[in-house]
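> Could you have a look at this structure, given as structure tokens, before my questions?
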Amino acid sequence: MSTAEEERAKQDEKYGFRAPEENRRVWKPSPHQDTSFQGVSAMDFAIRQRRQEKERREKEAAAKASMYRYQGKANEDVESQVRKQQHDREKSAKAKERETLAQLKDVTITESVEGNVRKEQFGQEKKWKQEGRDTRDALKDVIVTESIEGNIRKEQFGQEQ
């Protein structure tokens, strides 16, 4: 065995292909900490808090490492299957929309009864508006003179006075 191979074997032992929970340093309380008297002083309180913090961190690290152990496949999860179905549904709807738009480019619009009726009504409305404009233009030249109605109102006003 050459020196390179020996070095590699040492490296493999040190950084072996082990599971993450086996490949990490596990914190364990010292044997005397389990049995030692815990007083009420500030120092004892701080030591207790520190130990609880270490225990909490250890639990979190163990949980995180065990998540790497999960052997299931993502596409077998129920949520991801539902998401995949929704995604496929959206893709098919968009593809159908694109296909419909492409087919509608070939459609030619022919005359219809409704279109002809609307065109006729539009023509009538346009003609009516033009007549109104012409009438206003013609009435611009008219000189307003005394009318019979105006004289009657004057008489009534004079009688009321």
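> Can you find, within the stretch 14-45, the residue that is farthest from the chain's Cα centre (by Cα) among those that are more than 20 Å from E58 (Cβ to Cβ) and modelled with pLDDT under 70? Spell out how you get there, then give the answer.
Residues of the stretch 14-45 that are more than 20 Å from E58 (Cβ to Cβ), as a first pass: 14-17, 37, 39-45.
From the residues that got through so far, the ones that are modelled with pLDDT under 70 too are 14-17, 37.
Details: K14: 48, Y15: 44, G16: 45, F17: 42, F37: 57 Å.
Taking the candidates together, the pick is F37.
> K119 - would you say it is surrounded by fewer than 10 Cβ atoms within 10 Å (Cβ to Cβ) and among the charged types (D, E, K, R)?
On the way: surrounded by fewer than 10 Cβ atoms within 10 Å (Cβ to Cβ): no; among the charged types (D, E, K, R): yes.
It is false that K119 is surrounded by fewer than 10 Cβ atoms within 10 Å (Cβ to Cβ) and among the charged types (D, E, K, R).
The values are calculated or read from the model by the stated rules, or taken from the named source; none is laboratory data. Only a predicted model underlies this, so the values are computations on that prediction, with no experimental measurement involved. Cβ atoms come from the backbone with ideal geometry, glycine included; neighbour counts cover every protein chain shown.
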